Amino acid sequence: MTNHYIDLKNSDVILIMGSNAAEHHPIAFKWILRAKEQNGARLIHVDPRYTRTSARCDYHVPLRSGTDIAFLGGMIHYILGNDKWFKDYVLNYTNASFIVGQDFYFKDGLFSGYDTKARKYSKDTWVFEKDGKGIPMRDMTLTHPRCVFQLMKKHYSRYTMEKVSSITGVSKEDLTKVYEEYSATGVKDKAGTECYALGWTHHTTGSQIIRTMSIVQLLLGNMGICGGGVNALRGEPNVQGSTDHAILYNILPGYLKMPAASQDTLAKYVEKNTPKSSDPQSANYYQNYPKFFVSFLKALYGDKATAENGFAYSWLPKLDDGTATSLMHLFDEMYKGKIKGLFAVGTDPAVSSPNTTKVRKALENLDWLVGENIFDNETYCFWKGPGVDPAKVKTEVFLLPASASMEKEGSQSNSGRWVQWKYKAAEAPDDAIPVGEITIKILDAVKALYAKEGGVFPEPILNLKWDYKDSKGRFDSLKVAKQINGHFLKDTVIEDKAKGTKTEFKKGQLVPTFGMLADDGSTASGNWVMAGSFDAAGVNKMAKRGKEDPTGLGLYPNWSYAWPVNRRIIYNRASCDINGKPYNPKRKLLEWTGDTWVGDVPDGPWPPQADRQKGKYPFIMKQDGLGALFGPGMAEGPFPEHYEPLEGPLSKNPLSGQLINPAIKIFNSDLDKVANADEKFPYVCTTYSCTEHWCSGALTRWQAWLLEAMPELYVEIGDQLAKEKGIENGQRVRVSSVRGNVECVAMVTKRFRPFLVEGKTVHQVGLPFNYGWLHPKDGGDSTNFLTPTVGDANTFCPEYKAFMVNVTKI
Amino acid sequence: MEITRRGFLTLSGALGSGVALSSLGVNLGPAKAYAAEINKMQRVMTAKQVTTVCCYCSVGCGLICSVDKNTGKVFNIEGDPEHPINEGSLCAKGAGFFDLTEANKYRLRKVLYRAPMSDRWEEKNWDWALERIARLVKDTRDKGFVSKNAKGEVVNRCETIGHLGSSNVDNEECWLMSVACRSMGLVYIDHQARV
């Protein structure tokens, strides 16, 4: 989240799209309702299905799954065409005025630089023209035909009401209502926010859906303000933290980039990943990248990381340039027989990964599998699953008992970036121990083997700093937390020239902020964004429980620790005009007093940007310091464009000759079948959760109270379709895609209504994804037998939300 | 047969009220359950209270665990009224948090092992399992290690071991897994943040 949960109460218009917040984030929804109670906020729900969120909103607008970019592209068209954009903000705080190079173009669904064979773009033409000093050229009148504003206007001029309505299945009246109401927040004293969840990320175009909304928010001046932002209601208790710490193939802790094979030296890696800006007003905060990265290497390898050996950079694994090794790649390679061993910690991919048939077949190819969890699940038991003969499965499986959440001490980061300390209430039962302790013990054992026997490239294993046990030999989370925060590795004096102060720190003292990290090996920090979670005296700020609220805006600066540097709303300098005066004095997040900022922790101490000498632009993490309406970092183009899902009801994209996202990877094993616009699978299908279960249900299905409330798999079918098919409420049905099928109960409902798409009636159905064969015995199996192995072109987040099925009576 | 109020409701719901009443005794069940609630309130008042954070969605609601001072066991978990986000309230899953403690009969308590071609789990001890896992990890890594790619660039990676999970454990545990994976050269690293 750019903002945080309590801040939802400060909004005037809340667009919930790609989320069923009332059922999946009920406590977050309390703050949404509070906005309605306290500010008279308007609540809008845009979703294929009418849910309990819809019931509590002012109105619900159904749209066909997978057409969100068309819907939001229409909103951009509306905002620009009806002059609803926030001019002061757009001119000063976005790249609207930048001039794009003359070789850039967009034609019939494709941007310049597309390589059809590789399904990839060269981004060489997605660049800005620069002046003699290397600063992007700007046209502050926004009339230059190649300025971002004009190119964007032209791009979205194609997203007319008629076109958008025909693609999405939303009536023109409903489109107008949402566009009008939401774009009314494009003024100084109104805030509009957006809440999304898996309903946006689970698409082949997921990242670009979110970017389209970011463009809307920038045009309306809703970024960096109280009650604004683009807010991911994330779905796991520590998914923010697990992302921050990068249990992911593509990043290292603190969003540092995974090294590529072509970057064979530290110098080349740093050069490639440290952005440069010639504009003195751009803070370009990532110019500090080398400090964060070297401090990370020092946290890993301590004294073994020296300037002479490039701080042990060569010990990190490298990916071939432009390749990915995500979950879907993992199972694809496992299916082909390349992957021999797997750790599956607190996860149940035999239920939760797309294309279950392929995933479960792939697991049979493993030599060994190590599971760590508090309950058994379908992944650990795959060898005795439906249709599997254990006598033919060679895999050695270990299932290691783990402590539950309340049986261990440590921190968890919520979606609003609040890192909260939790305490141990009781011992875990019998032989169960925390996952952290299991990790330590396994690597201890591996280290011991390498020390004894030698082996291939043992250096990174043997030299890894790995002293995170207490005096009794148990996992010490506080020790790890301090290593993540970081230490000074020698006596250091930090001079603040602006304040005229000098502060001394001793070797071994904790680093109180990432601004003090260094690239010469004199500091170590396991994750720079967390540097500051302790103060230099060792006080754990994550454990803070102060209830003061000095701004009255619900920032609670003394409750837990929010990264970065306890900033509660990021890009908050954009809540003020270029002189540092709040756009909305009634919700004063921050104000420049002439020599300092007062309010939330500002995005940097510099004066506001009207000060041409010392002032900085507000979007400090962006190379150019400004919000990116033109976003050249994306895989499928700098402006989001509507493409149909891999599997959909249409054989032609109504907007261009490019049917599907041109940059997605196509997996092509014999189990990766696709049936687009196929009469055998005529219904759009989507998947979702329910309040009582969580994700694959691997925790909640073992709990009698929750299972009693939501006992088994069902498919929701609109009453009109049910009538056509002769299906009655409560009957057993089979839902099938070209890849597989599930049997379940039919729930005939008014919550799904047919869409009118390109002049034809299109029905949509939906199923929860919370069930698996292991428990309960009669609860139904994985909904992901239906879903395809395909994902977003930028993130490889799988497409669980739009694919095609049939429904038949059993 | 010890019947809690919740257990009574579940059982009577499952069996049908007539059967339940005849098997449990018409009056005794509810009375016992009520007494149990009173008893629990007294225990809460004398318990050690420990704060924690919910383990489901990412809102980060605060909870209070009541721990019996004599047994060291958690016997009650409820929303933390001091917590600024949830203000004491919880959703259905959070309200059922207690069912994740060792009171849940399905909790894993022992190291389990399934041998090749076997149709059952067998109990093992930690030392045995760790030794065997380390052996498998080392042998798989050493055999499948890629020092250079097709272009001849140094990549030093292990392509034959994958690591999945988890966003359902604490930050400190995430960081340890993240760096342990890198030290072994793993690149097939992923978890729920992507799904």
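First compute the accessible area of segment A:676-755 with a 1.4 Å probe, then give the percent of it belonging to carbon and sulfur atoms.
Working: 1570 of 3240 Å².
Exposed carbon and sulfur together represent 48 percent of the surface.
Computed over the Cα atoms, what is the radius of gyration of the protein assembly as shown divided by 2.2 N^0.38 Å, N being its residue count? Numbers along the way, then the final one.
Numbers: Rg = 27.8 Å, N = 1005, 2.2 N^0.38 = 30.4 Å.
Normalised by 2.2 N^0.38 Å, the Cα Rg of the protein assembly as shown equals 0.91.
In the context of the full set of protein chains, residues of the protein assembly as shown present 36 Å² of accessible surface per residue (probe radius 1.4 Å, heavy atoms only). Here segment A:354-427 has 48 percent of its accessible surface on carbon and sulfur atoms, given a 1.4 Å probe and all protein chains in place.
Straight Cα distances below 16 angstrom link residue A:507 to the lysines A:298, A:482, A:490, with same-chain residues fewer than 8 positions distant left out.
Among rounded, prolate and oblate, which fits segment B:74-195 when a ≥ b ≥ c are the square roots of the eigenvalues of its C-alpha gyration tensor, a/c under 1.5 means rounded, and a/b larger than b/c means prolate?
On the way: a/c = 3.27, a/b = 1.60, b/c = 2.05.
Judged from the Cα gyration tensor, segment B:74-195 comes out oblate (a/c at least 1.5, b/c at or above a/b).
The accessible area of residue A:123, taken with all protein chains in place and a 1.4 Å probe, comes to roughly 80 Å². Element breakdown for segment A:125-181 at a 1.4 angstrom probe: carbon and sulfur atoms account for 56% of the accessible area. Shape summary of segment A:450-548, radius of gyration then Dmax from alpha carbon positions: 16.8, 58 Å.
Using protein heavy atoms only (no ligands, DNA or RNA), what is the total accessible area buried between B and A, 1.4 Å probe, nearest 100 Å²?
Working: alone 14980 and 33400 Å², together 36080 Å².
Chains B and A together bury approximately 12300 Å².
Could you tell me which trypsin sites (Lys or Arg not before Pro) in segment A:533-621 are loop residues by DSSP with no more than 15 other beta carbons within 10 angstrom of their beta carbon? Spell out each step's value before the answer.
Working: sites: A:541, A:544, A:545, A:547, A:567, A:568, A:573, A:586, A:587, A:588, A:612, A:614, A:616; in loops: A:544, A:547, A:567, A:568, A:588, A:612, A:614, A:616.
When the trypsin sites (Lys or Arg not before Pro) of segment A:533-621 are filtered for loop state and at most 15 Cβ neighbours within 10 Å, A:547, A:612, A:614 remain.
Segment A:691-734 and segment A:54-102 have Cα centres separated by 36 Å. Projected label points at residue B:49 and residue B:147, each 7 Å from Cα along the beta carbon direction, are separated by 6.2 nanometres.
May I ask for the percentage of alpha-carbon pairs in segment A:236-355 that lie more than 23 Å from each other? Show your work: numbers first, answer last.
Values: 3193 of 7140 pairs.
Here the long-distance tail beyond 23 Å is 45 percent of all Cα pairs in segment A:236-355.
Report the FRET efficiency, 1/(1 + (r/R0)^6), for residue A:58 and residue A:336, where r is their Cβ-Cβ distance and R0 is 41 Å, rounded to 0.05. Walk me through the intermediate numbers first.
Details: r = 51 Å, r/R0 = 1.24.
Efficiency, from the Cβ-Cβ distance: 0.20.
Dividing the convex hull volume of the alpha carbon atoms of segment A:5-135 by its residue count gives 193 Å³ per residue. Note on segment A:78-233: Kirkwood radius taken over Cα pairs, Stokes-Einstein applied at 37 °C and 0.692 mPa s, translational D equal to 189 µm² s⁻¹. Near residue A:403, within a Cβ-to-Cβ distance under 9 Å, what is the net charge of the other residues, with Lys and Arg +1 and Asp and Glu -1? The answer is -1. Ellipsoid semi-axes for segment A:238-293, based on the Cα gyration tensor and the rule √(5λ), read 22, 17, 8 Å when sorted largest first. Using alpha carbons only, how many angstrom separate the centre of segment A:224-241 from the centre of segment A:402-429? Here the two parts' Cα centres lie 20 Å apart. Reducing segment A:492-524 and segment A:634-666 to their Cα centroids gives an inter-centroid distance of 49 Å.
Counting only other chain Cβ atoms within 10 Å of each residue's Cβ, the peptide A:458-468 averages 3. Mean projected area of the Cα convex hull of segment A:324-399, taken over all directions, amounts to 4.6 nm².
Based on the Kirkwood radius over alpha-carbon pairs, what is the Stokes-Einstein translational diffusion coefficient of segment A:684-739 at 25 °C with 0.890 mPa s viscosity, in µm²/s? If you can, show how the numbers build up before the last one.
Values: Rh = 13.4 Å.
The estimated diffusion coefficient comes to 184 µm²/s.
Inter-label distance, residue A:595 to residue A:471: 4.9 nm, where each label sits 7 Å from its Cα along the C-beta direction. Over all pairs of different C-alpha atoms, segment A:572-683 has a mean inverse distance whose reciprocal, the Kirkwood radius, equals 18.3 Å. The value given for segment A:127-192 is a Kirkwood hydrodynamic radius of 14.9 Å, derived from the mean inverse Cα-Cα separation.
The values are calculated or read from the model by the stated rules, or taken from the named source; none is laboratory data. Given the structure is predicted, the values throughout are model-derived calculations rather than measurements. Counting neighbours? That spans all protein chains shown, and the Cβs are built from the backbone with ideal geometry, glycine included. Areas reflect the complete protein model, heavy atoms only, side chains present, ligands, DNA and RNA absent. Shrake-Rupley method; radii C 1.70, N 1.55, O 1.52, S 1.80 Å.
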